[in-house]
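For reference, the structure is listed below as structure tokens.
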Protein chains: 2
Amino acid sequence: MKCKRCGGKAEVKLRQHNSAFCRACFVYFFQRQVQRAVEHEHMFTTEEEVLVAVSGGKDSLALWDALIALGYRTAGVHLALGIGAYSRTSTEKTEAFARSRDLRLITVHLDDEGVAIPTIAAFTRRPACAACGTSKRHHFDRIAFEHGFAVLATGHNLDDEAARLLGNVLRWQVAHLAKQHPVLASTHERFARKVKPLFRISEYETAVYAFFRRIDYIVDECPNSAGASQLIYKDVLNRLEAAMPGTKLSFVQEFLRSGQPAFAGETNRAPQSCERCGMPAFGAVCSYCSLVREVETKQARRMAARPASASS
Amino acid sequence: MKCKRCGGKAEVKLRQHNSAFCRACFVYFFQRQVQRAVEHEHMFTTEEEVLVAVSGGKDSLALWDALIALGYRTAGVHLALGIGAYSRTSTEKTEAFARSRDLRLITVHLDDEGVAIPTIAAFTRRPACAACGTSKRHHFDRIAFEHGFAVLATGHNLDDEAARLLGNVLRWQVAHLAKQHPVLASTHERFARKVKPLFRISEYETAVYAFFRRIDYIVDECPNSAGASQLIYKDVLNRLEAAMPGTKLSFVQEFLRSGQPAFAGETNRAPQSCERCGMPAFGAVCSYCSLVREVETKQARRMAARPASASS
């Protein structure tokens, strides 16, 4: 098997692109794919400083690595979620990556500056993944606003986007379909533009890139994700991909080209400002503050119900 | 486990409906589901005579059985496709069913009145399933027109509809999405209204119904269907259904309710008449005649190329 670009010995085969590459050419190919996505989708310019959401996993670190290699101006933001050893390792890997390359990283410890995910899970009946998503959106937007970033880049890859699209399609959530896009424009002064430069790059490709670039990332999946519907969607998409290579890419690409225009009439209301924190909200209070308020109320109730002897 | 309707001992459990039924109540439930689909979707009335496309498989025979039990006026049409033992058994089962209930059945032998599927497969490069679909559509419409039926009912079940929808969605074939519906109105004098009364009933339910009603059907799948993408789609939908019961039903129902209206702007041109056979066509010649013409041309060429000694 020969490298499509230089004719040398190929080390990675990409069935959906009907291509094979050697190590150096794959790294070039990957970075070019990132650059093309950024440019073609008008995600950001070389002048803008981009806040990169980094979890410590392969996708977000591969994204950060590629953006730096491509000469974009970046800073990282990492949320230490408080999910035991998993979160500790995530934070260590992220901080080590930033330190080794002398990159600016803003780390938010939810234990101190918010509510750790296990506390939310213990005090509310919301699924941990939903609560975690709400927390992440809030803190990413808050940090972007406080530090003056207009754009937040996340490491969502093709597999993530295809799984999300499948979930939206299986339930025909037309409002979600109307706004599933690699670029989400800002609709509020505290809502950063969200961009996904890896949206056409598969999970397999980011793993290969991280390996070739010797990026040390956390391999474990979040312990809360077991049984999550996203994983089921990814599993069936992998089966389809195996039987019909290119399925994921054409599913997402054709959606953006042919499918989504049909949903353009769906209106997604612009947010107002949360009366508690000032961040974007679709009611008087944003979903993050309503989550925190629920935790606070229940924590207070439990404290009040505790017998006097136990609190001594 | 108790029957939801009569409280007796249940024999079948339907997870997607969160119900269980005894034998008699399941048969009642199944027939009521068929009746509801026919009435709610305005498929046909009790006055109209319905042509039922019967293959000899469980779905089409269960449909015919239920329509008769519900008092609808029906006749059957069966295509003997010429696919060896599979087709012979299909025809035998269909004819035995009609004979035992004294039903009117029109059987078309493609060997005599058209081109058998293996001949098409041998002389063209089209996939057998595509050629078979083209043949079926042509002959069903032809028989309906020649015998004066305005409506043709097929046994497509929920699994078929969900698989077809998934295929259309994975490639975002918006023109197909615009017209995937349990009722397809007539757009040409020789294009019968097509209806699918089983579109909300799962393959499992039709199998149980056929078993309870002692319907003797052909169990084998068509030998040409191995590896067909429909089967792959059905497989992944079964995985989703197992993890999230009700997925198939809500996928199809929500599509019709929320998804499809978005594609209403997609125009599907009305057909003209085929200059060769007079049936609906989207060019000068209909897709069936163009298929037959291709077979005839290639057959003639092969005959001409044959050495004189071989033809003696």
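The values are calculated or read from the model by the stated rules, or taken from the named source; none is laboratory data. Just so we're clear, the structure is a prediction, and the values are computed from it rather than from any experiment. Glycine also receives a Cβ, built like all others from the backbone with ideal geometry; neighbour counts cover every protein chain displayed. The accessibility values were calculated without ligands, DNA or RNA, using every heavy atom of the protein model including side chains. Shrake-Rupley method; radii C 1.70, N 1.55, O 1.52, S 1.80 Å.
Given the rule -39500 (n - 2.57) for each run of at least 4 DSSP H residues, summed and divided by the residues of the protein assembly as shown, what is its mean residue ellipticity at 222 nm, to the nearest 500 deg cm²/dmol?
Helix-only estimate at 222 nm: -15000 deg cm²/dmol.
With a 10 Å cut-off between alpha carbons and a GNM built on chain B, which of B:V195, B:V38, B:V219 moves the most?
For chain B, modelled as a Gaussian network with Cα springs under 10 Å, the answer is B:V219.
Taking each residue of B:154-164 in turn, how many C-beta atoms of other protein chains fall within 10 Å of its C-beta, and what is the average?
The shielding value for this peptide is 0.
Using Cα-Cα distances under 8 Å and only pairs 6 or more residues apart, what relative contact order does the stretch B:30-306 have, in percent?
After rounding, I find 22 percent.
Between the label point of A:A304 and that of the same position in each other copy, find the distances and list them shortest first in nm, with every label point placed 7 Å from Cα along the Cα-to-C-beta direction.
9.6
List the distances, in nm and shortest first, from the label point of B:E48 to the matching label points in every other copy, placing each point 7 Å from Cα along the Cα-to-Cβ direction.
From this label point to the equivalent ones elsewhere in the assembly: 5.5 nm.
Once the dipole of the protein assembly as shown is set up with Lys and Arg at +1 and Asp and Glu at -1 on Cβ about the Cα centre, which of B:G227, B:V292, A:L177 lies farthest towards its positive end?
Value computed over the given set: B:G227.
Assign unit charges at the C-beta atoms only (+1 for Lys and Arg, -1 for Asp and Glu), then state the dipole size of chain B relative to its Cα centre in Debye, rounded to the nearest 20.
Value, rounded to 20: 560 debye.
Dividing the convex hull volume of the Cα atoms of the stretch B:98-218 by its residue count, what figure in Å³ per residue is obtained?
So the per-residue Cα hull volume is 148 Å³.
How many percent of all Cα-Cα pairs in the stretch B:1-72 sit more than 21 Å apart?
36
At a probe of 1.4 Å, how much accessible area disappears from chains B and A on forming the pair, both sides counted, to the nearest 100 Å²?
2100
Which residues, if any, in the stretch B:215-240 lose at least 40 square angstrom of accessible heavy-atom surface (probe 1.4 Å) when the other protein chains sit next to their chain rather than the chain being alone?
SASA drop of 40 Å² or more in the stretch B:215-240: B:I232, B:V236, B:R239, B:L240.
Looking at A:N168, B:C274, A:A128, which one has the Cα that reaches farthest to the positive end of the dipole of the protein assembly as shown (charges on Cβ: Lys, Arg +1; Asp, Glu -1)?
A:A128
Quickly rank B:81-88, A:105-112 as a protection proxy: mean count of other C-beta atoms within 10 Å, highest first.
The peptides rank, most packed first, as B:81-88, A:105-112.
What residues have an amide H closer than 5 Å to that of B:L105, excluding those fewer than 5 places away on the same chain, when H is modeled at 1.01 Å from N in the peptide plane?
Residues meeting the criterion, in which the H sits 1.01 Å from N, are B:G76.
Select from the stretch A:242-282 those trypsin sites (Lys or Arg not before Pro) which occupy a DSSP coil region and have at most 12 other Cβ atoms within 10 Å, ordered by residue number.
The qualifying sites are A:R269.
Taking all protein chains as present, what is the carbon and sulfur share of the accessible area of the protein assembly as shown, in % to the nearest whole number, probe 1.4 Å?
Heavy-atom surface of the protein assembly as shown belonging to carbon and sulfur, 1.4 Å probe: 50 percent.
Using amide H atoms built 1.01 Å from N in the peptide plane, name the residues 5+ places from B:G8, or on other chains, whose amide H lies under 5 Å from its own.
Amide H neighbours of B:G8: B:C3.
At 1.4 Å probe radius, can you tell me the per residue accessible area of the protein assembly as shown in Å²?
48
Given the convex hull over the Cα atoms of chain A, what projected area results after averaging over all orientations, in nm²?
Reported value for the Cα convex hull: 18.4 nm².
For chain B, set up a GNM with springs between Cα atoms under 10 Å and report which of B:T267, B:T94, B:T124 has the largest fluctuation.
Taking springs between Cα atoms under 10 Å, the residue moving most is B:T267.
Suppose every Lys and Arg Cβ carries +1 and every Asp and Glu Cβ carries -1, with no other charges. What dipole size does the protein assembly as shown come out with about its Cα centre, to the nearest 20 debye?
With Lys and Arg at +1 and Asp and Glu at -1, about 520 debye.
Might you work out the accessible area of B:H78 for me, using a 1.4 Å probe with all protein chains in place, and round it to the nearest 10 Å²?
The accessible area of B:H78 comes to roughly 0 Å².
Put the label 7 Å from Cα along Cα→Cβ for B:E113; what are its distances to the other copies, in nanometres, shortest first?
For B:E113, the inter-copy label distances come out at 7.6 nm.
Where a ≥ b ≥ c are the square roots of the eigenvalues of the C-alpha gyration tensor, would you call the protein assembly as shown rounded, which needs a/c under 1.5, or, failing that, prolate if a/b is larger than b/c, or oblate?
prolate
Amide H neighbours of B:R73 under 5 Å, at least 5 residues apart or on other chains, H built in the peptide plane: list them.
B:V50
Can you compute the charge dipole magnitude of the stretch B:208-286 about its Cα centre, using +1 on each Lys and Arg Cβ and -1 on each Asp and Glu Cβ, nothing else charged? Give it in debye, rounded to the nearest 20.
Using only the charged Cβ atoms, the result is roughly 160 debye.
When the Cα centres of the stretch B:266-292 and the stretch A:103-146 are compared, how far apart do they sit, in Å?
So the two Cα centres are separated by 59 Å.
Just to be sure I understand the interface: list residues from the stretch B:252-275 that lose 10 Å² or more of accessible area between the chain on its own and the complete protein assembly, 1.4 Å probe.
Residues meeting the cut-off: B:E254, B:F255, B:S258, B:G259, B:A262, B:F263.
Taking all protein chains together and a probe of 1.4 Å, list B:S225, A:S55 from the most accessible to the least accessible.
Ranked list, largest accessible area first: A:S55, B:S225.
Most mobile of A:R23, A:R302, A:R164 per a Gaussian network model of chain A (Cα springs, under 10 Å)?
Checking each option, the largest mean-square fluctuation is seen for A:R302.
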